[in-house]
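Working notes, beginning with the structure itself.
The values are calculated or read from the model by the stated rules, or taken from the named source; none is laboratory data. Note that this is a predicted model, so its numbers are computed, not measured. When we count neighbours, we look across all protein chains shown, and the Cβ atoms used for this are built from the backbone with ideal geometry, even at glycine. In case anyone asks, the SASA skips ligands and DNA or RNA and just uses the protein heavy atoms, side chains included. Shrake-Rupley method; radii C 1.70, N 1.55, O 1.52, S 1.80 Å.
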Amino acid sequence: MNTFILSPCGISILINEVDSTLRKLLNEYANEPEINNVPKEVQKRIEQLVINFEKKKNTMDIHNIRNLSAELIGIILYYNNQLELKDDYHLILSTDTWLGEVCATLIQKWLLNKGAVCEIFRQQGLQTRNVQDFHYALSEMAPKLFKRINDFKTAKNRIIFNLTAGFKVVVGFLQSLGMLHAGELIYVFEFTSHPIRMPKVPINISVTKYIREYLQTFRKLINGLEISEPEIKNVPETMILKIGDEYLLSTWGNIFMTEAKNERYTKKLLPPICSKVQY
């Protein structure tokens, strides 16, 4: 592989060329996780929209297809309209919704047809109907994306975040992550014919000082063990996510722990994290 491109996916590929009535329906049901939650008549209208797109996409030139989809315009302009996609890997980040996966699949099919290697990543809970589920989804997603990025991080591979589409809050999160771990971020603003390209920020955040002080607490959290109030009270709020009475590592807590645990775990044998573990 030469280039890894991560693209969060919204529903622009369906919404950009429909009338106001259908656009309202698409927005109304954008957060439904399963097709069974959508009324039959709405299902039929959306399914027909997908069928129509499938029929015309192969006859559309590159300028028309890119105007249909914010995701694709970012990718197409990154390649300077040449679409030499062979050996590049595209990861499409889908919301945890029926409609999100429908749109991600349309993007995937188009990219596969152009010779790219393309996979859809649907993160459970990644929808905006339930705020707690959404925060938990980001917290879970961070180490998964971390692993994929690190698997591709070699001298010959480029890491690109295409942040032209997707939920704004997801794009914001990926922007923060990408500033530290992507080689480049790309954006496309409306009516422009060139992407805005932002290189990786030339800084290195030291996570060790945070992890060293709270390592036992963080180890308990990633293993799903119970945490007491005294153990958690001095941990920076950005590192912790509280859902009901349960504490979890936040998105940034997961990122910091993923960054630091290999270095901390290889130095010495750490003490047991609970009385049931003895060595």
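What to note about this one:
- Verdict on GLU101 being part of a helix (DSSP H, G or I), more than 21 Å from PRO195 (Cα to Cα) and open to solvent by 30 Å² or more (accessible area, probe 1.4 Å): yes
- For ILE46, the criteria (1) under 23 Å from ILE196 (Cα atoms); (2) buried (at least 18 other Cβ atoms within 10 Å of the Cβ); (3) not acidic (Asp, Glu) hold in every case but one, which is (1).
- When GLN82 is tested against the conditions (1) at pLDDT 90 or above; (2) closer than 16 Å to ILE160 by Cβ; (3) not in a helix (DSSP H, G or I), the lone failure is (1).
- Positions within the range 160-183 being hydrophobic (A, V, I, L, M, F, W, C), under 12 Å from MET198 (Cα atoms) and out of contact with any strand residue (DSSP E or B) (no Cβ under 6 Å at 6 or more places or on another chain), in sequence order: MET179, LEU180
- Residues that are closer than 23 Å to LEU106 by Cβ, open to solvent by 10 Å² or more (accessible area, probe 1.4 Å), part of a helix (DSSP H, G or I) and in contact (Cβ under 8 Å) with a residue 40 or more places away in the chain, drawn from the range 121-168: ARG148
- Set ILE203, ILE186, ILE196: member being closer than 30 Å to ALA165 by Cβ, loosely packed, with under 12 Cβ neighbours inside 10 Å and either modelled with pLDDT under 75 or among the β-branched types (Val, Ile, Thr) (or both): ILE203
- Entry remark, the range 114-149: residues being of a type in the set (S, T, N, Q) and either modelled with pLDDT of 85 or more or under 13 Å from the mean Cα position of the chain (by Cα) (or both) number 4 in total.
- ILE11, sole failed condition from (1) in contact with a Phe, Trp or Tyr (Cβ under 8 Å, 6 or more places away or on another chain); (2) of a type in the set (A, V, I, L, M); (3) buried (at least 19 other Cβ atoms within 10 Å of the Cβ): (1)
- Residues in the range 238-259 that are at pLDDT below 80 and either β-branched (Val, Ile, Thr) or closer than 13 Å to LEU177 by Cα (or both): THR238, ILE243, THR251, TRP252, GLY253, ASN254, ILE255, PHE256, THR258, GLU259.
Residues are listed down the side, and each one gets a yes or a no for (1) under 22 Å from the mean Cα position of the chain (by Cα); (2) in a strand (DSSP E or B); (3) at pLDDT 90 or above:
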{"residue": "PHE4", "(1), (2), (3)": "yes, yes, yes"}
{"residue": "ILE13", "(1), (2), (3)": "yes, no, no"}
{"residue": "VAL18", "(1), (2), (3)": "no, no, no"}
{"residue": "THR21", "(1), (2), (3)": "no, no, no"}
{"residue": "ALA30", "(1), (2), (3)": "yes, no, no"}
{"residue": "LYS44", "(1), (2), (3)": "no, no, yes"}
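- Filtered residue count, the range 210-239, keeping only those that are open to solvent by 30 Å² or more (accessible area, probe 1.4 Å) and either in contact with a Gly (Cβ under 8 Å, 6 or more places away or on another chain) or at positive phi (or both): 2
- Given (1) under 23 Å from TYR187 (Cβ atoms); (2) in a helix (DSSP H, G or I); (3) among the aliphatic types (A, V, I, L, M), index of the condition LEU49 fails: (1)
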